[in-house]
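Visitor: Once you've had a glance at the structure underneath, I'll fire off some questions.
The values are calculated or read from the model by the stated rules, or taken from the named source; none is laboratory data. Computed from a predicted structure; not experimentally measured. Here Cβ is always computed from backbone atoms with ideal geometry, including for glycine, and neighbour counts include all displayed protein chains.
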């Protein structure tokens, strides 16, 4: 599903309202993949099809602004990060772009002090990736890429990159959790 599929997935309308309410209450909010797209849409940005699907491991580069960011600061200049998406978001007005990839310019953003959107999947581990690779609908999606990516290549690359992803996950999600009741160096919520 995508953020623009509310007619067939009415719960998306509820999620958009809940995100808006959480942002309005200055609560920390983190969205991954569809979640990032929902945050972007809530903040008035467009969500559209990406020029190509990213499925598997891709280089994600952090921006200059990300170097001082409390959540994505632990990223090296470029990291291999797991992806599984066909849509992308514009960076919302007032937000800071934190990362991008060659195939998808907008991979991460921060709005204000506590709202983050990640297009990529920091949350996955090897067992979850394996479950996705065995899911019939997901296999069909990979087959639809006509050899650009394969299940075998993803499995091989997962063995090479999942340890670093796990390290990044602990650091980034730990820093995000610190935003609950914690103080951030960013003092002002941009106007929406």
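Visitor: Just checking, does region 103-124 include any residue being farther than 26 Å from residue 181 by Cα, exposed (fewer than 14 other Cβ atoms within 10 Å of the Cβ) and free of Cβ contacts under 8 Å to residues at least 60 places away in the same chain?
Guide: No, region 103-124 contains no residue that is farther than 26 Å from residue 181 by Cα, exposed (fewer than 14 other Cβ atoms within 10 Å of the Cβ) and free of Cβ contacts under 8 Å to residues at least 60 places away in the same chain.
Visitor: So which of 84, 132, 57 is assigned to a helix (DSSP H, G or I) and under 28 Å from residue 159 (Cα atoms)?
Guide: Working: 84 fails: assigned to a helix (DSSP H, G or I); 57 fails: assigned to a helix (DSSP H, G or I).
Just a single option satisfies the conditions, and that option is 132.
Visitor: Going through 38, 43, 98 one at a time, which residue ends up being surrounded by 22 or more Cβ atoms within 10 Å (Cβ to Cβ), in contact (Cβ under 8 Å) with a residue 12 or more places away in the chain, over 27 Å from residue 166 (Cβ atoms) and touching a strand residue (DSSP E or B) at 6+ places or on another chain (Cβ under 9 Å)?
Guide: Of the residues listed, the single one that is surrounded by 22 or more Cβ atoms within 10 Å (Cβ to Cβ), in contact (Cβ under 8 Å) with a residue 12 or more places away in the chain, over 27 Å from residue 166 (Cβ atoms) and touching a strand residue (DSSP E or B) at 6+ places or on another chain (Cβ under 9 Å) is 43.
Visitor: Against the conditions (1) modelled with pLDDT under 95; (2) touching a strand residue (DSSP E or B) at 6+ places or on another chain (Cβ under 8 Å); (3) surrounded by 18 or more Cβ atoms within 10 Å (Cβ to Cβ); (4) not in a helix (DSSP H, G or I), where does residue 190 fall short? Just the number, please.
Guide: Every listed condition holds for residue 190 apart from (3).
Visitor: Still on this structure, I have one more. Looking at 81, 129, can you tell me which residue is in contact with a strand residue (DSSP E or B) (Cβ under 6 Å, 6 or more places away or on another chain), surrounded by 16 or more Cβ atoms within 10 Å (Cβ to Cβ) and at negative phi? Step through it out loud before you land on a result.
Guide: Details: 129 fails: in contact with a strand residue (DSSP E or B) (Cβ under 6 Å, 6 or more places away or on another chain).
Going through 81, 129 in turn, the sole match is 81.
Visitor: Of all residues being in contact with a strand residue (DSSP E or B) (Cβ under 7 Å, 6 or more places away or on another chain) and in a helix (DSSP H, G or I) in region 1-30, which is farthest from residue 109 (Cα to Cα)? Just the residue, please.
Guide: Keep residues of region 1-30 that are in contact with a strand residue (DSSP E or B) (Cβ under 7 Å, 6 or more places away or on another chain), which gives 2-4, 19, 22-23, 29-30.
Subset that is in a helix (DSSP H, G or I): 19, 22-23.
Values: 19: 15, 22: 17, 23: 14 Å.
By that ranking, first place goes to 22.
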